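The values are calculated or read from the model by the stated rules, or taken from the named source; none is laboratory data. This one's a predicted model, so the numbers in the text were calculated from it and none came from an experiment. Here the Cβ positions follow ideal geometry from the backbone for every residue, glycine too, while neighbour counts run over all protein chains shown. With ligands, DNA and RNA removed, areas are computed over all heavy atoms of the protein, side chains included. Shrake-Rupley method; radii C 1.70, N 1.55, O 1.52, S 1.80 Å.
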Amino acid sequence: MHLKISATVTLWVNRVIFLAVTALIFLLPRLMDFYIQARPLDSSAQRAIFLAYYACTPAVLFALWNIEKLIRNILAGDVFVRSNARRISRLRWCCLLVSLICLPATFFYMPLLFMVIIMGFLALVVSVVANVIAAAV
C-alpha cells in the first residue's frame, strides 16, 4: 500500500516537473529579465544560462519521460524487468549529458558548476542502481 502511494505521488511530481520544464522553454526569457533586476549579469553569462538550459532540455524531458514509464511499470507490478533496467540506464546517460553540457557554460557563469557536480554525482548513483537492477533481472 505504501509503495503504491509513494509511486503515485512520484508520478504526479514527475508530471508537474515535466510541465514546469516545458513552460520554462517559453518563460525563460521573461524570467531572465526579472533575474537580471535582482542580480545583474553580463551578456556572456546570460547566453551561457540560455544555451545550457535549452541544450539540456531534451535530455531532461527524455529522462522525465523514462521516469514516467518506469513508475507506471512499478505501479503495474513490473519491477525487476529488462525495460526498467534500460530506462534506469537511460537516466544515467541523461544525467551525464546534462553535466557535460553545463561544463563549458561554467566558464561564463560559475554557479552552473554546481549543476555539473550534482548531475555528475547523480549519474554515478543512477549507474549503480542501473547495475543492481540489471543484475536482478
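Of all residue pairs spaced 6 or more apart or on separate chains, those with beta-carbon atoms under 6 Å, a first member in segment 33-45 that is within 16 Å of Tyr109 (Cα to Cα) and a second member that is surrounded by 10 or more Cβ atoms within 10 Å (Cβ to Cβ) are Ser44/Phe108; Ala45/Phe108; Ala45/Tyr109.
Taking segment 1-113 as the region of interest, the helices (runs of 4 or more DSSP H) fully inside it that hold 3 or more residues being under 22 Å from Ala130 (Cα atoms), open to solvent by less than 50 Å² (accessible area, probe 1.4 Å) and among the polar types (S, T, N, Q) are 82-105. For Val116, are the conditions met, namely being within 23 Å of Thr8 (Cα to Cα) and within 16 Å of the chain's Cα centre (by Cα)? Taking the combined requirement at face value, the residue does not satisfy it.
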